[in-house]
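The values are calculated or read from the model by the stated rules, or taken from the named source; none is laboratory data. Just so it is clear, the structure is predicted and the values come from calculations on it, not from any experiment. Because the Cβ atoms are built from the backbone with ideal geometry, glycine has one as well, and the counts that use them run over all protein chains shown. Each accessible area value is taken on the protein alone, full model and side chains, heavy atoms only, with ligands, DNA and RNA left out. Shrake-Rupley method; radii C 1.70, N 1.55, O 1.52, S 1.80 Å.
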Amino acid sequence: MFKSLRLKLTLTNTVVTGLIFLILLSGVYFFMKQSLTRQSENMMRSIALNDRFRYTPFIERASHLDTNYFFVMVDSVGNIVNISTNLTNSYEEIYILVDETMKIDEDFGNIRIEGINFRFLKSYSNFRKDLLKIVYFNTQPEEQMLKNLLTIIISIGIFTVIVTFISSFFTANKALIPIKKSWQRQKDFVADASHELRTPLAVVQTNLELVMSNKEDTIESQLCWLDNIKAENARMTNLVNDLLFIARSDSNEAQIEMSNFPLDIVCKETIMSFRLLCENKNIEIFEDIKPDVNFYGNEARIKQLITILADNAIKYTPPGGYIKISLRQLDTSVQIVVSDTGIGIPQEHQSKIFERFYRVDSSRSSESGGSGLGLSIAKIIVNEHNGHINVTSAPNRGSQFSVTLPLKRKPFRER
């Protein structure tokens, strides 16, 4: 797929560049052609208006037409009266040229005699109104110049297309690197999501088969299997919601609304919702919340961020430990810190924990009900608020997640 895409990008770039050069070089060619035509026309008009030339009777000379500009004086019946002194043509050639010119009604045009092109201009003489002056221009030098220019243009065009194709090929290859990474990341994401969904679906299927195989039993007697189905259904629901959140974030469809809200109250409400869970796990929860911290952002997302970090800390803190949630206001930002005395994270894993579906210990994460998406979502929320998140941890010494969010001051209203 990427080979064909690379070839398409290369060919597209080459064709577009080739067309641009074709238009530019064609413009140069036609501009030069028009310029030479106007130059010769102006010269011919100047000769036609100038009667101060030396006239000599026609003398038969060499038969080769090699003069650029010359003129011929013709009387009312078409006889040649005078010629310019720079003429080097035979009488027969001049007679044929004049005869063919007189057959043309236009005063200005082109005529071809014996394979040679001439441009002509007819003008009546100022000193004798019965005489017609015909000025000729041999266009061979002009045509040769244009021919050489065309050869140069074609050579430049071919060279440009070849260079463009080669450079576009390598440029397209480099341009596809992030696309390949994104594609691979998407494939891994789909594979991981399928894997995560496969387990709860298998559990649901197995428990349903057990229930269906005991049709005569009461609901109460099969409550164990039904509870398993309910738990796995809840797990799948959370997983699907997380996947939908990430998908919308990737496609920039998740437009979040910003507003002022008291961040300290949101932190306290989130901590309060975890107190019962901490008591059940014999974990202490402490808070160090600076009061009156007003923040401009999305309240639901910030609450989700704190919930993810707090829930993560509780999952990996053994009984007898503690977690602490702090809120500090700096000059231009606020800082949320969630620390625990849990199992910690090895150094080699700390740079990867914000990746999707990444888990330091898959077995323990599965037991705790984690899917490996929580910290990925937390990072997305932090990025949405133009902040940054980092972790400090050591095995068996706990972890500390620090979130720094810039303050955007807006008029605050009490709620």
Collect residues whose amide H, placed 1.01 Å from N in the peptide plane, falls under 5 Å from the amide H of Leu131; neighbours closer than 5 in sequence don't count.
Ser125
Principal axis extents for segment 227-297, Cα atoms only, whole Å, descending order, please.
41, 39, 13
For the peptides 209-216, 129-136, what is the packing order when you average, over each peptide's residues, the other Cβ atoms within 10 Å and list the highest mean first?
129-136, 209-216
Starting with the highest mean, order 337-346, 27-36 by the number of other Cβ atoms within 10 Å, averaged over the residues of each peptide.
337-346, 27-36
Sequence-distant residues sharing a close amide H with Gly109 (under 5 Å, placed H):
Phe120
Shape call for segment 197-247 from the C-alpha gyration tensor, a ≥ b ≥ c root eigenvalues: rounded (a/c under 1.5), prolate (a/b greater than b/c) or oblate?
prolate
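From the cross-link list Lys268/Lys290; Lys290/Lys408; Lys352/Lys379; Lys187/Lys352; Lys33/Lys133; Lys268/Lys324, which pairs have alpha carbons spaced over 22 Å apart? Don't jump to the answer; show the numbers that get you there.
Numbers: Lys268/Lys290 10 Å; Lys290/Lys408 18 Å; Lys352/Lys379 12 Å; Lys187/Lys352 18 Å; Lys33/Lys133 26 Å; Lys268/Lys324 12 Å.
From Lys268/Lys290; Lys290/Lys408; Lys352/Lys379; Lys187/Lys352; Lys33/Lys133; Lys268/Lys324, over 22 Å: Lys33/Lys133.
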Amide H neighbours of Leu373 at under 5 Å, excluding residues fewer than 5 places away on the same chain, with H built from the backbone geometry, are Phe357
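Over segment 194-335, give the accessible area per residue in Å² for a 1.4 Å probe, as an integer.
Numbers: 8310 Å² over 142 residues.
Ligands and nucleic acids excluded, the figure is 58 Å² per residue.
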